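Below you'll find the structure, written out as structure tokens, and then a few comments.
The values are calculated or read from the model by the stated rules, or taken from the named source; none is laboratory data. The structure presented is a predicted model; accordingly, all values stated were derived computationally and were not measured. Here the Cβ positions follow ideal geometry from the backbone for every residue, glycine too, while neighbour counts run over all protein chains shown.
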Amino acid sequence: MGKIAFVFPGQGAQAVGMGKDAYDGNAASRDVFDRADSALGFSISKLSFEGPEEELRQTANTQPALLATSIALLEAYKSQGVKPDFVAGHSLGEYSALVAAGVLGFEDAIRLVRARGQFMEQAVPSGQGAMAAVLGAERDALAALCADVTANVGTVELANVNCPGQIVVSGSTAGVAEIGNRGKEAGAKRVIPLEVSGPFHSSLMKPAADRLASELAKVVFNDAAVPVVANVNARPVTSGEELRKLLALQVVSPVQWEDTIKWLISEGVDTFVEIGSGTVLSGLIKKTDKSVQAIPVNTAAAAAGAVTQ
């Protein structure tokens, strides 16, 4: 019998209406959204279920909305009795993974991601930072190109190493634009600018990381009940104190998602259960290794009837 990993999506997976069927049909899911509204002091559930989309897309709203949706679906899925051997989350999704592993209390997590979103939005003045998806490039060649562009034009760094052939870069507007011009040098077939409110997972996010670190210091971090495979180093961590440090570092570091999935597969994971809005991670996992199973739990019906073995 292979091992199971629960994985949780991050920003970009949001959609108006997410979590509503779970809220309507499952008491434990409803409780999660009610607790989220209470902890935040406004109705993140109404924003998730009804929009408007422009408001839901604001980073400071997107992050708590996605966390609440993932944990609401996790609560619904618990009726299946499936226990993960590992958990991991993509960027913001790491907070959902930490709640799932018992490291963070839900209310603490939702307040942290609200603050994290605000700090990330405020870290770099509007228009001065950008991100782009680079398709088809080789990782080392793209890293070398980023270093050259950073030295000569403006900061640009690897931000999300998602799967073979899909890497997101982040940095100054000029630096990211230059990767668009020169991407072919690293083997890129296409460079697609992303609609984001800042250069996430780059060194330009240091002001956000510093402010987040002081918020993280106020919150209790328990040791993990199951290993959390961290974005920063794609390695399993159970120490609450180490996970606290990694969350601050995560804001200015690349998300090592491809390496996370490869490490989990090397440890015998053959079933990935993606819990939250959309199917983004299932797609990335299949692009990394077609032989594993990726099961999206993105509706109440999926949570009630997801096949696991």
Condition check for Lys46: closer than 25 Å to Ile261 by Cβ and free of Cβ contacts under 8 Å to residues at least 60 places away in the same chain: no
Note on segment 131-155: residues in contact with an Asp or Glu (Cβ under 7 Å, 6 or more places away or on another chain), aliphatic (A, V, I, L, M) and within 15 Å of Ser202 (Cα to Cα) are Val149
Could you tell me which of the residues Val161, Val176, Val168, Val156 is under 28 Å from Leu243 (Cα atoms), out of contact with any helix residue (DSSP H, G or I) (no Cβ under 8 Å at 6 or more places or on another chain) and of a type in the set (Val, Ile, Thr)? Val168
Looking at Gly136, Gly81, which is the one that is in the same structural domain as Leu249 (by TED's automatic domain parsing) and either small (Gly, Ala, Ser) or over 16 Å from the mean Cα position of the chain (by Cα) (or both)? Gly81
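Looking at Val280, Val255, Val307, can you tell me which residue is hydrophobic (A, V, I, L, M, F, W, C), more than 14 Å from Ala234 (Cα to Cα) and modelled with pLDDT of 95 or more?
So the residue among Val280, Val255, Val307 that is hydrophobic (A, V, I, L, M, F, W, C), more than 14 Å from Ala234 (Cα to Cα) and modelled with pLDDT of 95 or more is Val280.
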Selection count, segment 2-32, where residues are at positive phi, surrounded by fewer than 22 Cβ atoms within 10 Å (Cβ to Cβ) and in contact (Cβ under 8 Å) with a residue 60 or more places away in the chain: 1
Has segment 162-171 got any residue that is within 27 Å of Leu56 (Cα to Cα) and surrounded by fewer than 18 Cβ atoms within 10 Å (Cβ to Cβ)? no
Consider segment 55-83. How many of its residues are in contact (Cβ under 8 Å) with a residue 12 or more places away in the chain and surrounded by fewer than 23 Cβ atoms within 10 Å (Cβ to Cβ)? 12
Could you tell me whether any residue of segment 100-114 is under 16 Å from Gly278 (Cα atoms), under 16 Å from the mean Cα position of the chain (by Cα) and at pLDDT 95 or above? no
Could you grab me the full set of residues in segment 178-216 that are crowded, with 20+ Cβ neighbours inside 10 Å and of a type in the set (Asp, Glu)? Glu178
Where residues in segment 122-160 are crowded, with 21+ Cβ neighbours inside 10 Å and of a type in the set (Val, Ile, Thr), which of them is modelled with the lowest pLDDT? Val124
If a residue has to be over 18 Å from Ser38 (Cβ atoms) and either buried (at least 24 other Cβ atoms within 10 Å of the Cβ) or not small (Gly, Ala, Ser) (or both) to count, how many in segment 101-116 make the cut? 3
